[in-house]
Each structure stands twice: as structure tokens, then as C-alpha cells.
Amino acid sequence: AARLDAATAAFFAMAPAEKQRAGPASPLGYGCRSIGFNGDVGELEYLLLHANPAAVAHRARTIDAMDPSRFSAIVNEYIEAMKKLACEILDLLGEGLGLKDPRYFSKLTTNADSDCLLRINHYPPSCNIHKLDHDDQCNIKSLVSTKASNGGNLMAGGRIGFGEHSDPQILSLLRANDVEGLQVFVPDHEGKEMWVQVPSDPSAIFVNVGDVLQALTNGRLISIRHRVIATACRPRLSTIYFASPPLHARISALPETITASSPRRYRSFTWAEYKTTMYSLRLSHSRLELFKIDDDDSDNASEGKA
């Protein structure tokens, strides 16, 4: 992890023109401020890589032109460690849910065609963010509103680093340095949803359930919404491994998660279909809601099952 942090910090410290050789993100590669294709922006720059050795080696030629094999080795070593951890977590979840094949989830993410990704986000210090103004892509216009959507207040002087969203994949593993900023949208003791700051811990891995896992478990596991608020006068560096199925994988609630009292909640879809939908929407959109089965369809599905 320390080697990866050093390698990526060195990349983000390069001159803008040098970093641009690894971009623009489409969606893979180097990006700055723009997130996706529909106008979402954040106070960050990032690398988004496909998590397989050939794809990493290809990108490394523009990320570390001096020694691309060094960068590839460091990134691939980290990916392998995260892949193993993701599988362990998913197998435990499979056991806990009583699946006939407890390894069902992990098999999706380790398939030769799996669409796993590695994302490295760099949030510049909020007190020095004007230093990015020379770069057209990083032209900071103004402070974001001090009120967040969904009723949560931003911290004083806070900027949206990465806007409110849920992760679309099966599972995501996030590790960050000791700079805070991550917030999750969860119910308080009275059931009212609010934004809660996650304490920074560079020795911890934060695990997020993705939309696909919520669909596979028929809503037993929930993909929670989260965001990053940039407030610190030190840079925040985070690395996220996204465990994903192959594009052709059909996502449907597993039989063990469907009961008379909990009928099928989502229609079947492929990961390719879900990604296409995701790329057509704003970051904050509740994508999975578009795949929900209404009550009439749910009744018919239950009758067909019976």
C-alpha cells in the first residue's frame, strides 16, 4: 500500500501537461474534476484503471514513462491483494446468506472476463485549491453551496470532492490516507437519514456493498450512498478496488433470497445493461430504482415461481 501511495503521489505531483498524457478519462485513464459524461464535477483528479495486468501495463506507459514496468508491478501487486480480500469477504457473505454455492459472488468477480476496476483519487488541499487554476480542466469556479442535497450540511468552507452516489459494482474496498472527507448517508437513532463523517484510518479498508450485490441479495444487503467533502489543508489520497462481474453476467436475485414475504424486488439485467444505464445518468441518481419490479409484477413473479 505504501509503495502504491508513493507511486501515485508522484504521478499527481507532475505538471498538468505530463498528466494529460494519461487522459482524458473515457472513462478509463486520467481525469480532472469531470466525473462521468453528464456534467458531474468534483474537486479532485484521478486515475481509473481496468484491474488486469495487460490493461495496467498499457496505461503505465503514459503514467510512468520513465519506468512503466515499475508502476505496473506496484499496481498489480495491490490489485491482487484487494482481489483476494474481496473474495474472502464475498465468500463469508455467501455463507451467511445460506447460499447453495457460497462462492457464487466471488466467482463473478474472478471470472476471466470480470470488469473489475481500480480508482485512485487525489483531492488537493482545500485551502490551496486555487493552485489548480492554471489548468483549464481544473479551473475552479466557486465554492459549492454550503447546503448539500438531501438536507446534509457541509463543513465550513467545504467543497464537494466527489458527489453523492452509490457504487454500482458488487463490492468496493476503499483505503485512504489520514485525511478525512468520506461521509455516508445513514439513519440516525430516530430513523432520520443524515450524513455521517467516517473517521480517517490509513490502516483500515472500508467495505461498501454495491448496487449489483443489493440486487443479487434481493435487498438483503444495501448499497449505501456516500460522498467526499474536501475541507482539509492537506491532500487526501484514496484508492478504491471495485469487484465487478463480467459484462455478460446476468444479475438476478438468488433463489435463497426470495421468499413469500420477500418477493423478487428487481428485474433481471446484465452488468453491461446496468453500466449503460449508469453512464446515461447523473452521479446522484438512484439507478437501481429503475430496475425495481412493481407490486403487480412481483405478484406475477411469485405466482410463476409457485
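The values are calculated or read from the model by the stated rules, or taken from the named source; none is laboratory data. A quick note: this is a predicted structure, and the numbers were derived from the prediction, not measured. FYI the Cβ positions are ideal-geometry reconstructions off the backbone, even for glycines, and counts take in every protein chain you see. In case anyone asks, the SASA skips ligands and DNA or RNA and just uses the protein heavy atoms, side chains included. Shrake-Rupley method; radii C 1.70, N 1.55, O 1.52, S 1.80 Å.
Miscellaneous remarks
- Selection status of residue 298, part of a helix (DSSP H, G or I) and either open to solvent by 40 Å² or more (accessible area, probe 1.4 Å) or at pLDDT below 95 (or both): yes
- Listed by position, the strands (runs of 3 or more DSSP E) enclosed by the range 185-273 that each have at least 2 residues that are open to solvent by less than 10 Å² (accessible area, probe 1.4 Å) are 226-230, 236-243.
- Among the residues making up the range 76-117, those that are in contact with a strand residue (DSSP E or B) (Cβ under 7 Å, 6 or more places away or on another chain) and β-branched (Val, Ile, Thr) are 79, 89, 109.
- Among (1) modelled with pLDDT under 95; (2) in contact with a helix residue (DSSP H, G or I) (Cβ under 8 Å, 6 or more places away or on another chain), the one test that residue 234 misses: (2)
- Residue ranges of helices (runs of 4 or more DSSP H) in the range 1-92 with at least 2 members open to solvent by 40 Å² or more (accessible area, probe 1.4 Å), charged (D, E, K, R) and without any contact (Cβ under 8 Å) to a residue 60 or more places away in the chain: 53-63
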